[in-house]
Ligand code: AMP
Ligand code: ZN
């Protein structure tokens, strides 16, 4: 049984999808006016862990993530850069996809861009006005009337009557009836360039929150399973999404709300506005490996703050090297008999799964893995692991890496290919075809593989 902490009910709950063995998942994506920082990437890594675990558990996941390519920041920055909004945002959208690939984050099935859904957003806003949940103002803007939606505040656990203008309730200078009302449509203002669309309320552009309501429903239906984002999205973004969606469709919207805590630097939230951020490129330029960065972002429980340090990356690299070393040694075993490891391997896999099923307890799951890893190293050192057991160990390893995604990230040639080259070389030597044997050795050398002749046969090692 899988349990997740559901923000809206503030407790751990058994996860039951609406449709058997299918999960509909929506995750809030990037605002593409700059490179993602590793705090953003922590959010995407948490969502990758969630997605991978659901798939590992046999669910067919439909994952949608939006790309915010229109808002105050994208408009302002594109104007400053002198590029069109489209060209400017496309550059950062591609950079975002590159980051996902570098970190081996599984791609969502759809990445709708806000600018592709303006018509649908206008349609939803019309429905909200028709149903009395929204009103237009003289400046051509449209606002959601918070007082009309009685369940407002349930996700963020706030009383809407207590909402005053302050850091969390923006007063964005539009003509709204009440300060807590939020913009669905922003009427065109001077100095905003030419980025606006026609609407029944004049030219303008959509507010931020409406895009996620419209695009999630477009792909996943009006009621779906899981919605994610960082904790800063809980209020007002997700609270407003609930209000818009439930008011427009009359349906329940989302069953499970999952939010990741922040990544911090020196105890402060990493953010673009604080200018205390690292991008992925910054870390790669400092010589850190993608797999160590991935592992570091992965292994702190998603509901705990993660204080980012370079020492953490070093520790991750060490842990990964140990996993790689085991993988390599398992691939080199040729003993015919040894201890039966199937019981301890099955137990490890079971425990690994159980820890993750407990609200994605990744550190608990890794604890189980390393107990098993240490036992295997001990057996290998004592020459008590047979080739058959080693193969079952490799299989278990692949299973674990479906979640970790670090070994598959390392661009290593497949061990089977190397084994075949070694067999071919042996044959070439037996045939006294020295030219071919040398050619194969050179090929292996090019793959950074060195051969060692041992009493158990030829084994290979990766050059360090
Ligand atoms: P944005 O591009 O600002 O819309 O943010 C994209 C995602 O990153 C959202 O889910 C945010 O909640 C999340 N996020 C932003 N800053 C951090 C941080 N320092 N740590 C973790 N997640 C963050
Ligand atoms: Zn969103």
Give the relative contact order (percent, whole number) for the chain; include only Cα pairs under 8 Å separated by 6+ residues.
16 percent
In nanometres, what is the gap between the two model label sites at residue 119 and residue 16, each 7 Å from Cα along Cα-to-Cβ?
4.0 nm
Starting from the Cα-Cα distance between residue 307 and residue 337, subtract it from 0.36 nm times their residue separation and give me the gain in nm to one decimal.
6.1 nm
What fraction of the DSSP beta bridges in region 3-260 is antiparallel, stated in percent and rounded to the nearest 5?
45 percent
Cα gyration tensor of region 309-349, axes a ≥ b ≥ c as square roots of the eigenvalues: rounded (a/c below 1.5), prolate (a/b > b/c) or oblate?
oblate
FRET efficiency for residue 60 and residue 198, using Cβ-Cβ distance with R0 set to 41 Å, rounded to 0.05:
0.55
Tilt relative to the chain, helix 310-331 - C-alpha long axis, 0 to 90 degrees, to 10:
40 degrees
Distance between Cα centroids, region 22-62 to region 381-454: provide it in whole Å.
34 Å
In nm, to one decimal, how far is the residue 410 label point from the residue 264 one, both placed 7 Å along Cα→Cβ?
3.2 nm
Compute the orientation-averaged projected area for region 3-260 from the convex hull of its Cα atoms and round it to one decimal in nm².
13.4 nm²
Which value, in Å to one decimal place, does the Kirkwood hydrodynamic radius take for region 416-462 when every pair of different Cα atoms is included?
10.6 Å
State the Cα centre-to-centre distance between region 94-144 and region 263-289 in whole Å.
28 Å
Ranked highest first by average number of other Cβ atoms within 10 Å, how do 189-199, 107-117, 276-286, 254-264 line up?
254-264, 107-117, 276-286, 189-199
Could you tell me what % of all Cα pairs in region 1-94 have separations over 15 Å?
69 percent
For helix 362-381, what angle does its Cα long axis make with the longest principal axis of the chain, in degrees from 0 to 90 and rounded to 10?
10 degrees
The chain: calculated mean residue ellipticity at 222 nm from DSSP helix runs of at least 4, using -39500 (n - 2.57):
-14500 deg cm²/dmol
Taking the radius of gyration and the Kirkwood hydrodynamic radius from Cα positions alone, what is the Rg/Rh ratio for region 268-404, to two decimal places?
1.06
Checking a compactness column here: for the chain, what do you get for Rg(Cα) / (2.2 N^0.38 Å), N being the number of residues?
1.17
Please figure out what share of the DSSP beta bridges in the chain is antiparallel and state it in percent, rounded to the nearest 5.
50 percent
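Every number here is computed from the coordinates shown, using simple stated rules; none is lab data. Quick caveat, the model's predicted, so the values are computed rather than measured. Virtual Cβ from ideal backbone geometry, glycine too; neighbours counted across all protein chains shown.
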